[in-house]
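Enquirer: A single structure is presented below for examination.
Bear in mind that the values in this text are calculations on the coordinates, not laboratory data. Only a predicted model underlies this, so the values are computations on that prediction, with no experimental measurement involved. When we count neighbours, we look across all protein chains shown, and the Cβ atoms used for this are built from the backbone with ideal geometry, even at glycine.
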2 protein chains.
Amino acid sequence: MLDIQITKTTSPKAKPADESKLGFGKIFTDHMFVMDYAPDKGWHDARIVPYQPFPLDPACVIFHYAQEIFEGLKAYRTADNTIQLFRPDCNGQRMQDSADRMCIPKIPVEDFVQAVKTLVEVDKDWVPHSDGASLYIRPFVFATDVGMGVHASRNYTFCVICAPSGAYYAEGIDPVRIYVEDEYIRAAPGLTGFTKCGGNYAASIKAGEMAEQQGFAQVLWLDGVEKKYVEEVGSMNIMFKIDGKIYTAPCTGTVLPGVTRRSIIELLKDWGYEVCEEHVAIADIMKAGHDGKLEEVFGTGTAAVVSPVKELDWKGDKVFISGGKIGELTQKLYDTLTGIQWGKLPDTKGWIVPVCKG
Amino acid sequence: MLDIQITKTTSPKAKPADESKLGFGKIFTDHMFVMDYAPDKGWHDARIVPYQPFPLDPACVIFHYAQEIFEGLKAYRTADNTIQLFRPDCNGQRMQDSADRMCIPKIPVEDFVQAVKTLVEVDKDWVPHSDGASLYIRPFVFATDVGMGVHASRNYTFCVICAPSGAYYAEGIDPVRIYVEDEYIRAAPGLTGFTKCGGNYAASIKAGEMAEQQGFAQVLWLDGVEKKYVEEVGSMNIMFKIDGKIYTAPCTGTVLPGVTRRSIIELLKDWGYEVCEEHVAIADIMKAGHDGKLEEVFGTGTAAVVSPVKELDWKGDKVFISGGKIGELTQKLYDTLTGIQWGKLPDTKGWIVPVCKG
C-alpha cells in the first residue's frame, strides 16, 4: 500500500467548455501522480502534485536511449455518476512485462492500480459527462540517469497523467481502409513487440504516415520474418471473422497482448464462437475475401474499443468487407464492451473497478 | 549558414582536475547548442546557451513514443594545440538518414557541422590535454509535441552537448570476451537498425546486461530473420580477419553504417586487403576459429576506435582468437586511425576538419 502525499493545485485550470471538441489526449487534468526509483530506496516518494513539467538534463538517458514504457486505460462516468475503471490490473501486469524486457524495475500491480485510482479520484471532476467520452489515463516510466553509457539506468520516474477525451466515434462508427504494409515491420521475434515501449511506436510512424498520404486510415503489420502472417493494425490488435470463426495473431512475443483483445476473446468464447489464436497468412485472408468468406474484420484497442475495417489493400489486390458497414458481430462486441465500461450492462465478468462517486 | 546567437555562462563550472578519472560521457561542458523546428519556421533560433535542463511537459512525445535520434563524434587536441574533428560530415549525413526513417525533419549537413564546430570552439578549454582523452560530442534531435496521438511530431529540438572523456584504453588495449546472442535481436529488415534512434538502444540493454552478468563484455548480434549471420557487437560494427581477408556485415538496413567502419574499410583497401562486405554465418566464423583461420576479430566504433575480441561463445561452443592478444592488423588500424585523429600522422585522406587553436 503506497503512502501517497497529495498536494493540490492552487490554480486549477478551466474545464473544457465543449466536450464534443475534446479530441484524444490533447488536454490534461490539474494533477499528476509521480513516484521515483533509486537503487537504494526502491520505488519511493509516491505523490500527487499539480500537473507540471519535468526539468530534464540534456544528458538524461530518455533523450538518447529511450528506456521508457507506458500504459493506456480509461475512467468512465456511469449514468448514476460512479467513476470506474476497466481491468486496470491487466494494465499493471502488462507494464510489469514491459518493464522486465526493458530492464526497468517493476511496480507492484496493486501499487499501479492504487496510483491510478487515487489520481482519478483527485481529478474526478475532469471525467467527461457526455456519451462516449471518458478520461484517458496514461501511466509511464522513464529512465532518469544522466550520462552517455549504454546500459540500464539506475534511476527512474513513474508518472500518471490524465486527458479528458471525446467519444472515439463522435459521428458514428466509420469503417476504415487499411494498407497491408509489406516493406516496414513493427516487430520481430527477439525484439520488443509485446511491450509498450516508446521505440515500438517511433519505428511505426513512417509506415503510418505513408499509408495516410494514400488515403488509408492505418497499416496492417505483417510478421517481421517472412512478411507473410498478419499481426496488428496500426497500434491495435486485429481480428478476422472467416466462415463463422474468429482468427487473431497469437501473443508469442511480437504482438501486444491487448486488454481489449483478451476481453473480446473471452466474450466471443462465452457466446460460443471458436477463437483461433494462430498465425494466419495475409494470402489466406485475401483469398477468403475474394471467396466471400471474410465476413468481418476489426481492430481492437482501448481508444476505439473496436475499429471495423471495410477494405484491405495488399500489393494492389483489394478486398472489401461487410459492404463497407460495421459487421453484426463487431457491433455486438462494441455494444457489449462499451455497455460494461459505462455501466449500462451488468459487469458479469468482474472487469469493473469502481473508483468513487463522481 | 546558421546565424548562431551565443550566450556565455556567467558561472563556469570547474574543469575536471584529474583527466585520468574522466570516464566516458559523465560530465558535461559549460554550454550547449540548441535549435528548434516548427512547421511554419523550419529549423530556427540557432543558439549556444549555458548547459541547462529542458523543462518538458509530461505529455511530451519524447516520454511516450521515443521519436528521437542522435549522433556521436569526438574533438581531438593535437600536439601543436589544434582542436580538430574527424569526418563530422559523415555524422551529419547519417543523422539525415536516421531523420528520414524516423519522420524527423532533416538538418542540412553544413548546419550540423557548423553547430558542432561553433560549440566546440566556445568550449575549447574543455577538450582534454592528456593522451587518448578527447571531447565526446553528442548531437541529438527529439520530438517536442505535447499529446497522446501516435503520429509524427510537428515540433522538434536539436541539441548538441559535449563531454570531456578519458582514454578508452587507459590501461592498455584489453581484448574482450563476446557472447553470441541467440535469443534477442537488435534489428530486422524493415525496422530501424541502420539508424541511431533511441529505441534501438533501449531494446539492446537486456541482452547486454545478461551477457555482462556472465562475464562477457558485449553480445554479438545475429540477424533478426534467421539468427544465422553476424551483424554487430554491442553498439559497434564487427570485423573478422579470416585467412587474410576481412569480412564484415553489409549496410543493407539492419547494420549501423559506422563512420569508423567505413574509415577502416578505406584504410584496409588502401593497404591491399580484400574487404568482403557480406553476410557471414556465425557457424562459418566458429569453424574458421576451430580450423585456425580466424586470425583477428575486432569491433569498430567512435568510442573505442577498435575493440579486439579474444573469445566468442556461441551456444556453449568457444573459439579463442590471437592468443588473447590484440592482432597485428587490429593494432595497425588503431595506431593509424588514432594517429590521424590526434594529428600524429598526416591526414592523407582529407578526414580532418580543424576547428580552432586550443
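Enquirer: Just to verify a number: FRET efficiency for B:His290 and B:Val353, C-beta to C-beta distance, R0 = 30 Å, to 0.05?
Expert: 0.10
Enquirer: So, one more: What is the magnitude of the charge dipole of the stretch B:103-240 about its Cα centre, with +1 placed on the Cβ of each Lys and Arg, -1 on the Cβ of each Asp and Glu, and no other charges, expressed in debye to the nearest 20?
Expert: Using Cβ point charges on Lys, Arg, Asp and Glu, the stretch B:103-240 gives about 400 debye.
Enquirer: Is it possible to state the helix-based mean residue ellipticity at 222 nm for the protein assembly as shown, with each DSSP H run of 4+ residues giving -39500 (n - 2.57), the sum divided by total residues, to the nearest 500 deg cm²/dmol? What is it?
Expert: Taking each H run of at least 4 residues, the total per residue is -7000 deg cm²/dmol.
Enquirer: At a threshold of 8 angstrom on Cα-Cα distance, excluding pairs fewer than six apart, so keeping six or more, what relative contact order does the stretch B:176-325 reach in percent?
Expert: Computed over the stretch B:176-325, the figure is 27 percent.
Enquirer: Tell me which lysines have Cα within less than 25 Å of B:Lys293's Cα, excluding those fewer than 8 residues away on the same chain?
Expert: Correct list for B:Lys293: B:Lys227, B:Lys228, B:Lys241, B:Lys245, B:Lys269, B:Lys310, B:Lys315, B:Lys318, B:Lys325, B:Lys332.
Enquirer: OK, next. Given H placed on each backbone N at 1.01 Å, which residues far from A:Arg177 in sequence or on other chains put an amide H within less than 5 Å of it?
Expert: For A:Arg177, the qualifying residues are A:Ala217, A:Lys310.
Enquirer: Tally Lys/Arg at +1 and Asp/Glu at -1 over every other residue whose Cβ is under 10 Å from the Cβ of B:Gly301; what's the total?
Expert: Net charge around B:Gly301: 0.
Enquirer: For chains B and A related by rotation, which residue of B has the Cβ nearest the axis, and what is the rounded distance in Å?
Expert: It is B:Gly199, 1, counting Cβ atoms only.
Enquirer: Taking H placed 1.01 Å from N in the peptide plane, check which residues at least 5 places from A:Ile321 or on another chain put their amide H under 5 Å from its amide H.
Expert: A:Glu311
Enquirer: Is the stretch A:91-145 best put as rounded, prolate or oblate by its Cα gyration tensor, with a ≥ b ≥ c the root eigenvalues, rounded for a/c under 1.5, and otherwise prolate when a/b is larger than b/c, oblate when not?
Expert: It comes out prolate by the Cα gyration axes.
Enquirer: Charges only on Cβ, +1 for Lys and Arg, -1 for Asp and Glu: so what's the dipole of chain A about the Cα centre, in debye to the nearest 20?
Expert: Approximately 460 debye in magnitude.
Enquirer: Could I ask something else about it? Based on the Cα atoms of the protein assembly as shown, what semi-axes does the equivalent ellipsoid have, where each is the square root of 5 times one gyration tensor eigenvalue, given in whole Å with the largest first?
Expert: The three semi-axes for the protein assembly as shown are 46, 31, 22 Å.
Enquirer: Oh, and also: Quick one: dipole size for the stretch B:5-170, taken about the Cα centre, charges +1 on Lys/Arg Cβ and -1 on Asp/Glu Cβ, in debye to the nearest 20.
Expert: Computed about the Cα centre, the dipole is about 220 debye.
Enquirer: Given label points at 7 Å from Cα along Cα→Cβ, what nm distances, shortest first, separate A:Asp317 from the same residue in every other copy?
Expert: Label-point distances to the other copies, shortest first: 4.0 nm.
Enquirer: Which trypsin sites (Lys or Arg not before Pro) in the stretch B:1-61 sit in a loop by DSSP (not H, G, I, E or B) and have at most 14 other Cβ atoms within 10 Å of their own Cβ?
Expert: B:Lys8, B:Lys13, B:Lys41
Enquirer: Once you keep just the Cα pairs under 8 angstrom separated by 6 or more residues, what percentage relative contact order results for chain B?
Expert: Dividing the mean separation by the residue count of chain B yields 19 percent.
Enquirer: Summing Lys, Arg as +1 and Asp, Glu as -1, what charge do residues with Cβ under 10 Å from the Cβ of B:Tyr273 carry, B:Tyr273 excluded?
Expert: Here the count lands on +1.
Enquirer: Next up: What's the long-distance tail for chain A, i.e. % of Cα pairs beyond 40 Å?
Expert: The calculated P(r) of chain A puts 14 percent of pairs beyond 40 Å.
Enquirer: Can you find, among A:Ala14, A:Met95, A:Leu73, the residue farthest towards the positive end of the dipole of the stretch A:5-170? Put +1 on the C-beta of Lys and Arg, -1 on that of Asp and Glu.
Expert: Going by the charge dipole, the pick is A:Ala14.
Enquirer: Taking H placed 1.01 Å from N in the peptide plane, check which residues at least 5 places from A:Thr29 or on another chain put their amide H under 5 Å from its amide H.
Expert: The answer is A:Cys162.
Enquirer: Give me the net charge for the shell around A:Ala66: Cβ to Cβ below 12 angstrom, other residues only, Lys and Arg +1, Asp and Glu -1.
Expert: Net of charged neighbours comes to -1.
Enquirer: Tell me, what ³J(HN,Hα) does each residue in the stretch B:143-159 have, in order and in whole Hz, if you take phi through Karplus 6.51 cos²θ - 1.76 cosθ + 1.60 with θ = phi - 60° and put x for Gly and Pro?
Expert: 6, 10, 4, 10, x, 9, x, 8, 7, 5, 4, 8, 10, 9, 10, 9, 9
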